[in-house]
Amino acid sequence: MNTMLATAQASIRQAAKDLGYDDAKIEAFLQPEHEHVFEINVGGKIYPAYRIQHNSKLGPYKGGIRFHPNVNQDEVQALSTLMSLKTAAANLPLGGGKGGVAVDPKALTPAELEQVARGYAHYLAPYVGSDKDIPAPDVNTNGQIINWMLDEYEAVVGKKDPGAFTGKSMDTGGSEGREAATGRGGVYVLIEYLKRKHLLDQPFTVALQGFGNVGYFFATALRQECPNAKIIAIANSKHTWVNPAGIDVTKNIDGVDYPRPEELNDLQNVEALVPGAIIGVQADVLVLAALEDAVTGANVAQIQAHTILELANGPIDQEAEPVLHDKNIAVLPDVIANAGGVIVSYLEWVQNTKGEHWPEDLVNTRLAELIVPAAHHMFKRAEEKSIPYKQAAFELALERLLS
Ligand code: NAD
């Protein structure tokens, strides 16, 4: 069993036991409802493929499809289990699933990539659909790949069903605001937390690890929504840059829409440090929007922030979590903090089933209407029981899933 699956199952067992559920019920929940394990043949090359449908108590399975050479059944099972908790914690009428193909998409021609996508959807066509299982993009998959999958699926089942996949391009029924949703949702969660702690009315500083899809849109939404916030450090996989005067992510030397940190005006005369330096930057809030295990037992002592926002999945390891709790550093956990992506996927599905296309403002309003109450339930439970926010979110999700 891989570490991620073992860790996810251990946290669930602990939280469910604390709530008083018996072992048989917990073990039955951990077992996925359906495991589709198959192969995709492209020109004689065989790629192992998976779709794990973990739990559908609350609605159709929901979760992304990952194309990566390291994809394996245990990893997909772990991610599908965490999706069941995420949709439940966000109070969505959806279950949890995840999929993947063990393939390096960078080594494929565009025609081969299309064949992998179509092969995946062709095999799974009987098992997915807007009322059964609704896949979405994940690592190395995008709107184009999802469009191919939807087209193949509709050809096999012989009917139009645009709500069967989310993350589609805009011209095939995608939602406004989907690209920015995870970062924007993180901003809403952070604002609610700071309001609750009476910290929102005063200026505060932010260090941001990761400047990809999630990190960039977090930074732009923070600028729009939170005038008291000042981003003073940004890191990507190559460097950390610190500018105590503040970094305006909307201004860059080439006027591009989606700049890299080194293109930002405010980072032109700033010395580049090693990527790991971001963890120890003196800022009030540390935002983790890069990869898993960014904070470990080895670097947790460097953290100076009073609050950490987990936008990546699992960016804090098991060893570091209790250290942060003991030091009273608040961790706003991935299960709620990065739920904006799955929430707007849900809103895309709602628009498709109603035959509507909403403007971005309305999508953002609906996102806030869903993520803010979910965050408040978590804060309240954690405060009542003096437990970490992650445990509180797991408990609330498990009560919905196991009752
Ligand atoms: P991305 O590939 O667009 O960006 C990742 C960023 O992290 C890049 O800037 C990269 O340079 C940086 N990075 C990588 N290694 C680093 C390191 N060692 N130190 C500092 N920075 C590093 O990915 P993304 O879509 O922004 O996703 C980021 C995280 O958020 C992932 O964990 C992903 O699973 C999670 N997530 C994404 C979404 C979504 O909607 N995209 C939804 C939920 C969760």
Just to be sure, is ALA229 open to solvent by less than 60 Å² (accessible area, probe 1.4 Å), of a type in the set (Gly, Ala, Ser) and within 15 Å of the ligand (Cβ to nearest atom)?
no
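Yes/no per residue for (1) more than 24 Å from PHE394 (Cβ to Cβ); (2) within 14 Å of the ligand (Cβ to nearest atom); (3) out of contact with any helix residue (DSSP H, G or I) (no Cβ under 6 Å at 6 or more places or on another chain); (4) at pLDDT 95 or above:
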site	(1), (2), (3), (4)
PRO69	yes, no, yes, yes
GLY96	no, yes, no, yes
GLN115	yes, no, yes, yes
ALA125	yes, no, no, yes
Take the conditions surrounded by fewer than 19 Cβ atoms within 10 Å (Cβ to Cβ) and part of a loop (DSSP other than H, G, I, E, B) and apply them to ALA283. Does it pass?
no
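For (1) over 18 Å from GLN9 (Cβ atoms); (2) touching a Ser or Thr at 6+ places or on another chain (Cβ under 9 Å); (3) part of a loop (DSSP other than H, G, I, E, B), each residue gets a yes or a no:
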{"residue": "GLU39", "(1), (2), (3)": "yes, no, no"}
{"residue": "HIS54", "(1), (2), (3)": "no, yes, no"}
{"residue": "LEU58", "(1), (2), (3)": "yes, yes, yes"}
{"residue": "LYS62", "(1), (2), (3)": "yes, yes, no"}
{"residue": "PRO93", "(1), (2), (3)": "yes, yes, yes"}
{"residue": "VAL103", "(1), (2), (3)": "yes, no, yes"}
{"residue": "GLN115", "(1), (2), (3)": "yes, no, no"}
{"residue": "GLY119", "(1), (2), (3)": "yes, no, no"}
Of the residues GLY215, GLY186, GLY210, which is at negative phi and either open to solvent by 60 Å² or more (accessible area, probe 1.4 Å) or in contact with a Phe, Trp or Tyr (Cβ under 9 Å, 6 or more places away or on another chain) (or both)?
GLY186
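Go through the range 179-201 residue by residue and tally those that are within 13 Å of the ligand (Cβ to nearest atom) and in contact with a strand residue (DSSP E or B) (Cβ under 9 Å, 6 or more places away or on another chain).
Summing the residues that are within 13 Å of the ligand (Cβ to nearest atom) and in contact with a strand residue (DSSP E or B) (Cβ under 9 Å, 6 or more places away or on another chain) in the range 179-201 gives 2.
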May I ask you to verify whether ALA305 is under 15 Å from LEU332 (Cα atoms) and of a type in the set (Gly, Ala, Ser)?
yes
Any residue that is in a helix (DSSP H, G or I) and either under 18 Å from the mean Cα position of the chain (by Cα) or aromatic (Phe, Trp, Tyr) (or both) - is there at least one of those in the range 151-174?
yes
Looking at this structure, is HIS325 in contact with a strand residue (DSSP E or B) (Cβ under 9 Å, 6 or more places away or on another chain), open to solvent by 30 Å² or more (accessible area, probe 1.4 Å) and without any contact (Cβ under 8 Å) to a residue 40 or more places away in the chain?
no
Collect the residues in the range 144-160 that are within 19 Å of THR353 (Cβ to Cβ) and within 16 Å of the ligand (Cβ to nearest atom), keeping them in residue-number order.
ILE146
Being in contact with a strand residue (DSSP E or B) (Cβ under 9 Å, 6 or more places away or on another chain) and either within 24 Å of PRO137 (Cβ to Cβ) or within 13 Å of the ligand (Cβ to nearest atom) (or both) is the filter here, so list the residues in the range 204-213 that pass it.
ALA207, LEU208, GLN209, GLY210, PHE211
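The values are calculated or read from the model by the stated rules, or taken from the named source; none is laboratory data. Given the structure is predicted, the values throughout are model-derived calculations rather than measurements. Positions of Cβ are generated from backbone atoms using ideal geometry, with glycine treated the same way; all protein chains shown enter the neighbour counts. Areas reflect the complete protein model, heavy atoms only, side chains present, ligands, DNA and RNA absent. Shrake-Rupley method; radii C 1.70, N 1.55, O 1.52, S 1.80 Å.
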